[in-house]
Amino acid sequence: MMYLKKIPGWSVAAVLLLAAALVFRFAFRGYAYLSYTLAFIAALVVAHRFFGKILWRITLILVCIGFIYFIIVEIPIVLNAKTDSNPERDYLIVLGAAVHGDRPSPALIHRLDGAYEYLEKYPSSIAIVSGGKGKGENKTEALAMFEYLTERGIAPERIIMESRATSTKENLMFSYEIISDRGDSPQGNVAILSSPYHLFRAKCMSKSVGVDAAGVAGHFDNPILTLNYFIREAFGITHFWVFGW
């Protein structure tokens with residue numbers, strides 16, 4: 001007990017934060033950005049202990065600038081994390097997410113449940129389910145989505161599969177090609193369904209290829225995983241602003 005009392009509080013905090021980061025990174029699927037955040041905070045705790053005053057002040061200034069930027073970026077992400085008013089359109093583009101083997105991942109199921117509700121509410125809309133086949137997937141994301149929605153009672157003729165896309169921008173571009181090939185214009189005729197945290201970036205990408213689309217939010221995941229994805233989106237939208245994809 002005497003030995004434990006001699007352990008400085010900063011080292012206990014750093015170890016606990018790092019341990020939590022490792023748990024989120026390796027014991028659970030999909031919590032990587034929350035893990036990185038905890039590890040970064042642990043590093044700051046250690047830096048505060050060992051950095052000199054000048055180096056610590058420089059570090060603190062840089063961290064504050066980064067945090068302010070993060071908050072500014074998160075504002076439109078959060079504000080767009082909901083379904084737009086009057087979202088009925090001729091086409092609903094459902095963006096793909098991971099398929100674990102043959103089964104949709106929880107994130108994809110949340111999107112599909114939102115798509116099901118939309119298609120039930122707007123029976124004249126056609127869904128384009130978009131997503132190719134990635135690592136660890138036994139079928140394309142488009143096929144997994146088609147099967148899920150038809151099993152829940154959506155008529156197969158109301159669902160078009162787009163099975164080539166490997167990124168959000170390709171999801172949109174290939175889906176818009178399908179709409180154009182059908183003799184329709186994507187402009188004014190499209191709603192994009194994705195996870196709430198992803199909607200802002202998806203709509204920005206759509207505008208970058210010349211289409212203003214309505215946003216439709218899928219269901220939220222559990223709060224901690226949702227927090228992880230909102231953190232990730234700050235990096236995702238920054239990447240889009242810098243590189244255009």
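The values are calculated or read from the model by the stated rules, or taken from the named source; none is laboratory data. Just so it is clear, the structure is predicted and the values come from calculations on it, not from any experiment. Quick reminder, even Gly has a Cβ in these numbers, built from the backbone with ideal geometry, and neighbours come from all protein chains shown. SASA here: full protein model, heavy atoms, side chains in, ligands and nucleic acids out. Shrake-Rupley method; radii C 1.70, N 1.55, O 1.52, S 1.80 Å.
For the residues A21, A97, A115, a GNM of the chain with alpha-carbon springs under 10 Å puts the largest fluctuation on A21. Computed from these coordinates, which is Rg/Rh (Cα atoms, Kirkwood Rh): [x] 1.08; [y] 0.95; [z] 1.02? Step by step, Rg/Rh (Cα atoms, Kirkwood Rh) for this structure corresponds to label [x].
Rounded to the nearest 20 debye, the dipole size of segment 1-126 about its Cα centre is 1040 debye, using +1 on the Cβ of Lys and Arg and -1 on the Cβ of Asp and Glu. For the chain, the solvent-accessible area with a 1.4 angstrom probe is 54 square angstrom per residue. Cross-link reach is defined here as a Cα-Cα straight distance under 19 Å, omitting same-chain residues fewer than 8 places apart; for K82 the lysines meeting it are K121, K203, K207.
Provide the net charge surrounding A214, with neighbours chosen by a C-beta distance below 13 Å and charges set as Lys +1, Arg +1, Asp -1, Glu -1. Walk me through the numbers on the way to the answer.
Working: positive: K82, R89, K203, K207; negative: D84, E88, D90, D212.
The answer is 0.
Cross-link reach is defined here as a Cα-Cα straight distance under 26 Å, omitting same-chain residues fewer than 8 places apart; for K139 the lysines meeting it are K169. Overall, segment 108-212 carries a charge dipole of about 320 debye about its Cα centre when +1 sits on the Cβ of Lys and Arg and -1 on the Cβ of Asp and Glu, all other atoms neutral. In segment 10-141, a dipole from Cβ-located charges (positive for Lys and Arg, negative for Asp and Glu) runs towards its positive end, and of I54, S85, V129 it is I54 whose Cα lies farthest in that direction. When the Cα positions of Y229, L172, I159 are compared along the charge dipole of segment 129-235, Y229 comes out farthest toward the positive end, with charges on each C-beta of Lys, Arg, Asp and Glu.
At 1.4 Å probe size, with the rest of the protein present, what percent of the exposed accessible area of the chain is carbon and sulfur atoms? After summing per-atom areas, the C and S share lands at 65 percent. Every pair of different Cα atoms in segment 123-245 enters the Kirkwood calculation, which places the hydrodynamic radius at 15.4 Å. May I ask for the angle, rounded to the nearest 10°, between helix 9-26 and the longest principal axis of the chain, with both axes built from Cα atoms and the value confined to 0 to 90°? It is inclined by approximately 30 degrees.
Bridging of K6 to lysines at a Cα separation below 22 Å is possible for none of them, once same-chain residues fewer than 8 apart are set aside.
Add -39500 (n - 2.57) for each DSSP H run of 4 or more in the chain, then divide by its residues: what number comes out at 222 nm, to the nearest 500 deg cm²/dmol?
On the way: 9 runs with 140 residues, N = 245.
Rounded to the nearest 500, it is -19000 deg cm²/dmol.
Sorted from greatest to least, the principal axis extents spanned by the alpha carbons of segment 1-132 come out as 70, 34, 26 Å.
The angle between the Cα long axis of helix 32-50 and the main principal axis of the chain comes to about 20°, on a 0 to 90 degree scale. In a reduced charge model with +1 at each Lys and Arg Cβ and -1 at each Asp and Glu Cβ, the chain shows a dipole moment near 1520 debye about its Cα centre.
Angle of helix 223-243 to the longest C-alpha principal axis of the chain, folded into 0 to 90 degrees and rounded to 10: 80°.
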